[in-house]
1. What is the packing order of peptides 208-214, 96-102, 131-137, taking the mean over residues of other C-beta atoms within 10 Å and listing the highest first?
2. Which residue fluctuates the most in the chain, going by a Gaussian network model with Cα springs under 10 Å, if the choices are 104, 177, 38?
3. Considering only protein heavy atoms, what is the solvent-accessible area of residue 52 at a probe of 1.4 Å, reported in Å² to the nearest 10?
4. With every protein chain left in place, what is the accessible area of residue 190 in Å² (1.4 Å probe, nearest 10)?
5. Treat every Asp and Glu Cβ in the range 43-186 as -1 and every Lys and Arg Cβ as +1, leave all other atoms uncharged, and give the resulting dipole magnitude about the Cα centre to the nearest 20 debye.
6. Which cysteines in the chain lack any other cysteine whose Cβ sits under 4.7 Å from their own Cβ?
7. Normalising by the residue count of the range 77-168, find the relative contact order in percent from Cα pairs under 8 Å and 6+ residues apart.
8. Using a 10 angstrom cutoff on alpha carbons, build the Gaussian network for the chain and name the most mobile of 109, 168, 54.
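The values are calculated or read from the model by the stated rules, or taken from the named source; none is laboratory data. All figures in this text were calculated on a predicted structure; none of them were measured in a lab. When we count neighbours, we look across all protein chains shown, and the Cβ atoms used for this are built from the backbone with ideal geometry, even at glycine. We work out accessible area using only protein heavy atoms, side chains counted, and drop any ligands, DNA or RNA first. Shrake-Rupley method; radii C 1.70, N 1.55, O 1.52, S 1.80 Å.
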Amino acid sequence: MSSAFQSPVPTQTRYHPHRSRFRTSWVRERLTTRFAMGVCSVLLSLLLSAGVIVFILWLSLRPHRPRFHLSSFSAPAIAQPPPALLNSPISFNVTDRNPNRNVGIYYDVVYGSVFYKDQLVGSGPVLNPFYQPPKNTTLVLGDLTGTAAAAGDKLAAQLADDAAAGRVEFRFELKSGIRFKVKIWDTHHHTLHVQCDVVVGPDGSLLAEYRDKRCSIYF
Ligand SMILES: *[C@@H]1O[C@H](CO)[C@@H](O)[C@H](O)[C@H]1NC(C)=O
Ligand SMILES: *[C@@H]1O[C@H](CO)[C@@H](O)[C@H](O)[C@H]1NC(C)=O
C-alpha cells in the first residue's frame with residue numbers, strides 16, 4: 001500500500017551520454033528483426049511449395065477402393081422340396097476391379113459369408129492371398145457349403161415360405177485384409193468388408209435385377 005503513495009522516481013532525459021549506445025542497439029535490433037522476417041518468409045515459402053508438391057503427389061497416387069459387382073449367385077437346393085441350405089452348395093461370381101492407375105493391392109485370404117435373415121448359413125475361404133495389379137479385374141469365384149443356422153427349424157420354415165413365394169433374400173459378404181502398393185511406398189494393412197444384396201428366384205439363381213449390382217464396401 002505505502003509504495004503506491006511514493007512520488008514517481010524521475011527517469012531518462014538526463015542520460016545524454018548513453019543516447020548513442022541506445023541508438024546502436026536500436027539499429028541492431030531492427031536489423032535482427034529484418035533478418036528474422038527474411039528467414040521466416042523463406043521458410044514459409046519452402047513450406048508452401050512442399051505442401052503443394054505433397055498435395056499433387058497425393059492427388060495422383062492416393063489409392064481408390066476396389067469395386068465389387070455381384071455377377072452371379074446360386075443356391076440350387078432352394079428349388080427342390082423341401083428347400084434346404086444345410087450341406088448344399090452355394091456358388092457365386094463376384095468381379096473385383098482395381099480402378100487405380102498407379103496403385104496395386106495385396107489381398108490376404110478372402111473369406112465369404114452368406115446370411116439368411118441375419119443368420120450365418122455358409123462361410124469359408126474363397127480366395128488365396130494374391131496381388132492385384134493396377135487396372136485389373138479379378139474374378140472371385142466361390143463355392144460354399146451351407147451350414148446349420150442357430151435358428152434351426154424356424155429358419156427352415158421361413159425359407160420354405162420364401163421359396164414358395166419365389167423370392168429368397170440373402171446377404172453376401174466378403175472380408176479380407178488388404179494393403180495398397182503405391183508405386184513408391186506400401187500402405188498399412190486395412191480390413192476390407194464387402195457386402196452384396198442377393199435375392200434368388202424359385203430356381204435358386206440370382207434374380208436379373210440383382211445381377212451386376214455394385215456391392216457396398218467399408219473398412
Ligand atoms: C463371372 O462373371 C464375369 C463377369 O460377368 C464373366 O465374364 C465370367 O465369365 C463369369 N465366370 C463364371 C465362371 O461364371
Ligand atoms: C489380373 O491379375 C491376375 C493376377 O495377377 C491375372 O491372372 C489376370 O490375367 C489379370 N487380369 C487382367 C484382365 O489383366
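1. Values: 208-214: 12.3, 96-102: 17.0, 131-137: 14.1.
Sorting 208-214, 96-102, 131-137 by mean packing, highest first, produces 96-102, 131-137, 208-214.
2. Per the Cα network of the chain with a 10 Å cutoff, 38 tops the list.
3. In the full protein context, residue 52 sits at about 80 Å².
4. Using a 1.4 Å probe on the heavy atoms, I get roughly 70 Å².
5. Values: 14 positive and 10 negative charges, 162 e Å.
Dipole about the Cα centre, nearest 20: 780 debye.
6. Cysteines of the chain left without a disulfide-compatible partner: 40.
7. Numbers: 167 pairs, mean separation 32.4, N = 92.
In percent, rounded to a whole number, it is 35.
8. Checking each option, the largest mean-square fluctuation is seen for 54.
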